[in-house]
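Visitor: Structure incoming, see below.
The values are calculated or read from the model by the stated rules, or taken from the named source; none is laboratory data. Predicted model, so just to flag it, every value in this text is computed and none were measured. Cβ atoms come from the backbone with ideal geometry, glycine included; neighbour counts cover every protein chain shown. Ligands, DNA and RNA are stripped out before the accessible areas are found, and what is left, the full protein with its side chains, is counted by its heavy atoms. Shrake-Rupley method; radii C 1.70, N 1.55, O 1.52, S 1.80 Å.
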There are 2 protein chains.
Amino acid sequence: MSHTKAYAAYDATSPLRDFELQRRELGPKDVQIEILYCGVCHSDIHQVRNEWGNSIYPMVPGHEIVGRVTGVGSDVTKFKEGDLAGVGCLVDSCRECPKCKEGLEQYCEGGSVGTYNALERDGKTVTYGGYSKQIVTTEDFVLKVSEKLDLQAVAPLLCAGITTYSPLRHWGITKGHKVGVLGLGGLGHMAVKFAVSFGAEVTMLSHSPSKETDARRLGAHRFALTSNEETIKSLANHFDFIIDTVSAPHDYNVYLGMLNTNGVMICVGAPPAPAQIPAFNLIFQRRSIAGSLIGGIPETQEMLDYCAEHNIVSDVEVIAMKDINEAYERMMKGDVKYRFVIDLATL
Amino acid sequence: MSHTKAYAAYDATSPLRDFELQRRELGPKDVQIEILYCGVCHSDIHQVRNEWGNSIYPMVPGHEIVGRVTGVGSDVTKFKEGDLAGVGCLVDSCRECPKCKEGLEQYCEGGSVGTYNALERDGKTVTYGGYSKQIVTTEDFVLKVSEKLDLQAVAPLLCAGITTYSPLRHWGITKGHKVGVLGLGGLGHMAVKFAVSFGAEVTMLSHSPSKETDARRLGAHRFALTSNEETIKSLANHFDFIIDTVSAPHDYNVYLGMLNTNGVMICVGAPPAPAQIPAFNLIFQRRSIAGSLIGGIPETQEMLDYCAEHNIVSDVEVIAMKDINEAYERMMKGDVKYRFVIDLATL
C-alpha cells in the first residue's frame, strides 16, 4: 500500500481539498504511474455535486490521466519504468462478456469499473481518480502515450478525445460527408479536429457569433449561427451526421431537420431532461438519433496513436490543483478553451 | 375525362358516402386501371378525420390499390391491357432530385405526390385514391402485380407491406439477427412475416396474451408479454432491432432497454405525442432510434416480386364499400385481422 496525496470532494457542496488515499500494492499485472497531468471533465462536476445521485465520498475525481510509469508488476509485458502512460474512464471490466471480448469494455455486461466514484470488481474497494499523485492499475487498462506530443494537451484525449473519435469512426465518417458539430466545448472542439482530420466537410453549429473565429481556427469549414432562422432554413436536409456534444437543454428537432436522408444525429452529451422527438421527424427522411459512450481500450489506443501520427491534441489551460474549485465555476459558465488540465506537480 | 364512381369523405365528421369524380384523359405515359381491391390503411382514418390538419374535401381515400389495366397511353412500355397492376402511396414526384434519381421517391426534395388528399405537380389538381372504380396514373408509379397471388390479399402490400419491408431491407435484417416486432396490426403482422422470411429470430412484443396464438401462426418464434415485469427484465439488451409499428402512445424507453449494443429501434408508427427519450438511454449500449417512410417505387416492385416468389400476402377481411364507416369504427378498436380490403365490385 502506498500513501498518495490527492484532492477530494468530501460531500456534494464543499470545495474540494487535500486528501490522502492508499493505492494498492503492485500486483503481478499492475502498473504504477506517477500522474503528471489530469484533465477536468464536466462529468467530474456532475459527480462531485452528486447530480447523478450515485456519488461516493470522499471522491477523488479525474479520468483523463497521463504520467510516467514508476513501477511494474512481475507479469507486466506492455510497460516498463519510465514509459509514458495514460488512464481513461475505465480501470477494469468483466473481461468475459461478448462486449469485453470485442474490446467494447464501455458496454461490458458484467459491469465495467469507472476510474473514480466506482467500486472495483470486488464490490467493495472504492476507486480514486487522477486528482492525485499516482495510480496503480492493471496494464490491460493502461494506454501507451507517445513522447511526440505535448503531454499536458494529451490528457483530455483520454475522455473528450475518445468520446468523439469513437462515434466518428463507428459511423465511418470520411471524405464526402457533411458533418455538423453542435457545441464548442471540451468535446466539441475535439469533434471538429477529428472530423476535419477524417476528411469530412465540417460545420460548427453555434448560437454564439463569438465562436466563429475559433471554430475556423480549429479547422471547421463553415460556421452556422443557429440563432438565425434563415441559417436554420438553409441547412434543411443538409448534414449526413451531426455530433451533438451539448449537455444543456436544447431542442433536438431543430437539428434533426438539418439531417439529410439517412442522416444520423449522434448524442455524446446528456441534457438533464429527456429529448422530445415526434416520430415523424425520424420517419421523414429515414433519420436516426443515436448515442455513443466513450470508447473501448483498443480503440482508445488507436485514437492515441492516430493523434501522435497526425499531431492532434486538445486545446488546454493548465491550472494548479488548488485552483480546481474556481475552474469548476468557470466551466459552469463555459469559460474555458477548451479543457482545464491539472498540473499534479502543484499538489 | 372519365366519370368514375367513388366513395368520399365530405368533411371531418360525416360518414363516407357516394361521390363521382373525373379521372384525367389518358396521357401518352398514363395507365388506366380498373380498381378491383383497395386496402384500408389507418392513415385513411387520420386524413378523413383531418387529424393531421391537411385534409382536402371531398376526399377519396385509399392507397393500397390493385386492379387490371384497361387502357394505356401511346408511350407506355411496361403495361398492356389486361395486366394486373398496383398503385401505392405515391402517384408522382419531381423525378429530378438526388432522392428520385436513387429511387427514393418517398423522400423527394421537390415534393412527391400522395395518391389521395394531395395536389398533383401542377399545384392545383386534387388527387383521389382507391375507394373508386378506376384510376389513371403515369406508368412510372404503377407496379406490376403477379397473377400467382390472391389479389385481394396483395392490396395491403402496397402500403403495410412496403412500410415494413423497406426498413428491414435497409438495415440488412437477416439470419442471426434477433428482431422484436412491437404491435400486431396491419403493419406488425407484415413485419413478422417479412422478418421471419429474411431468416431473423422474431419475437412478438405485445401487452395482450390473446395475441400469442396468432403471432406464432404468423411465424413469430417467441412471444413476449410486455405487461410482465419479469419478461421485460429478461429481454434487457436482447434485440438487434425492434420494429415499432404502434401509433398509440407508448413509452419508447421500455423497448430501448431491450436493445443490445448497436441496436436500432425503427419507428414506422407515429403516436400523437413526441417520444421522450433521455440521452443516456441511447448513449449506454450505443443504441439508435430511427424512422422509415413507406418505400420508393423500385423497392416496392422488388417487394411485390419477393412476395410472389415466397408466397407472402396480407391477412385480410374483405368488405363491401358501403361498410367502410363501420370498418373504421372496428379499426379504432383494433378489431381486424389484419387489414380490411374493399371489394370495388360492390361499389
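Visitor: Mind putting together the pair-distance distribution for region B:228-281? All Cα pairs, 10 Å bins, whole percent per bin, short to long.
Guide: Reading the bins upward from 0: 23, 55, 22.
Visitor: Between B:Glu102 and A:Asp11, what FRET efficiency follows from the Cβ-Cβ distance if R0 is 35 Å, with the result rounded to 0.05? If you can, show how the numbers build up before the last one.
Guide: Details: r = 58 Å, r/R0 = 1.66.
The value I calculate is 0.05.
Visitor: Please work out the average accessible area per residue across region B:83-147, using the 1.4 Å probe convention, and give it in Å².
Guide: Numbers: 2300 Å² over 65 residues.
On a per-residue basis, 35 Å².
Visitor: A further question on this structure: State which stretch of chain A is the longest one without any exposed chymotrypsin sites (Phe, Trp or Tyr not before Pro), exposure meaning a DSSP loop state and at most 14 other Cβ atoms within 10 Å. Mind dumping the intermediate values first?
Guide: Values: sites that count: A:Tyr10, A:Trp52.
No qualifying site falls inside A:53-347, the longest such stretch.
Visitor: How big is the B/A interface in buried accessible area, both sides summed, 1.4 Å probe, to the nearest 100 Å²? Please report the intermediate quantities before stating the final value.
Guide: On the way: alone 14950 and 14910 Å², together 26840 Å².
Heavy-atom accessible area buried at this interface is about 3000 Å².
Visitor: What distance in nm lies between label points placed 7 Å from Cα along the C-beta direction at A:Arg95 and A:Glu147?
Guide: Result for the modelled spin labels: 3.0 nm.
Visitor: Shifting gears a bit: So what are the three principal axis dimensions of chain B from its Cα atoms, in whole Å, longest to shortest?
Guide: 61, 41, 37
Visitor: Which of A:Gln152, A:Gln285, A:Gln134 moves most in a GNM of chain A, Cα contacts under 10 Å?
Guide: With Cα springs under 10 Å in chain A, the top fluctuation among A:Gln152, A:Gln285, A:Gln134 is at A:Gln285.
Visitor: Any idea what Rg and Dmax come out to for region B:161-291 if you just take the C-alpha atoms, in Å?
Guide: According to the Cα coordinates of region B:161-291, Rg and Dmax are 13.3, 37 Å.
Visitor: Let me ask something additional. Find every distance from the label point of B:Asn262 to the corresponding label point in the other copies (7 Å from Cα along Cα→Cβ) and write them in nm, one decimal, shortest first.
Guide: Its label point is 1.7 nm from the equivalent points in the other copies.
Visitor: Give me the lysines in straight-line cross-link reach of B:Lys211: C-alpha distance below 29 Å, same-chain residues under 8 apart excluded.
Guide: Partners within reach: B:Lys175, B:Lys178, B:Lys193, B:Lys233, B:Lys333, B:Lys337.
Visitor: Would any residue of region B:201-235 have its amide N under 15 Å from a label point 7 Å out along Cα→Cβ of B:Val254? List them or say none.
Guide: Answer for region B:201-235: B:204-211, B:224-235.
Visitor: Put the label 7 Å from Cα along Cα→Cβ for B:Thr70; what are its distances to the other copies, in nanometres, shortest first?
Guide: Taking the point 7 Å beyond Cα along Cα→Cβ, the inter-copy spacings are 9.2 nm.
Visitor: With the full set of protein chains in place, find how many percent of the accessible area of region B:161-291 is carbon and sulfur; take the probe as 1.4 Å.
Guide: Details: 2370 of 4570 Å².
C and S atoms contribute 52 percent here.
Visitor: If you count only protein heavy atoms and use a 1.4 Å probe, how large is the accessible surface of B:Thr300, to the nearest 10 Å²?
Guide: About 10 Å², rounded to the nearest 10.
Visitor: Could you point to the residue in B:Val72, B:Val87, B:Ile35 farthest towards the positive end of the protein assembly as shown's charge dipole, with +1 and -1 charges on the Cβ of Lys/Arg and Asp/Glu respectively?
Guide: Checked the options; the winner is B:Val72.
Visitor: Still on this model: Take chain A, connect every pair of alpha-carbon atoms lying under 10 Å apart with a spring to form a Gaussian network, then pick out the residue of A:Leu84, A:Leu184, A:Leu235 with the largest mean-square fluctuation.
Guide: In the Gaussian network model the winner is A:Leu235.
Visitor: What is the distance in Å between the Cα centroid of region A:83-124 and that of region A:268-321?
Guide: Each part reduced to its Cα centre gives a spacing of 19 Å.
Visitor: Can I ask one more? Work out the length of the dipole vector of region B:161-291 about its Cα centre, built from +1 on the beta-carbon of each Lys and Arg and -1 on the beta-carbon of each Asp and Glu, and round it to the nearest 20 debye.
Guide: Working: 11 positive and 8 negative charges, 72 e Å.
So the magnitude is around 340 debye.
Visitor: Separate question: Give the residues of region B:184-207 whose amide nitrogen is closer than 16 Å to a point set 7 Å from the Cα of B:Ser227 in the direction of its Cβ.
Guide: B:184, B:205-207
Visitor: Treating the point 7 Å from Cα along Cα-beta-carbon as the label, what are the nm separations from A:Asp150 to the other copies, to one decimal?
Guide: For A:Asp150, the inter-copy label distances come out at 7.3 nm.
Visitor: No solvent, one uniform scatterer per C-alpha: report log10 I(q)/I(0) for the protein assembly as shown via the Debye equation at q = 0.06, 0.07, 0.09 1/Å, two decimals.
Guide: Once normalised to I(0) and log-transformed, intensities are -0.42, -0.55, -0.82.
Visitor: Let me ask another. Have a look at B:Val142, B:Val254, B:Val31 and tell me which one the Gaussian network model of chain B (Cα, springs below 10 Å) gives the largest fluctuation.
Guide: B:Val254
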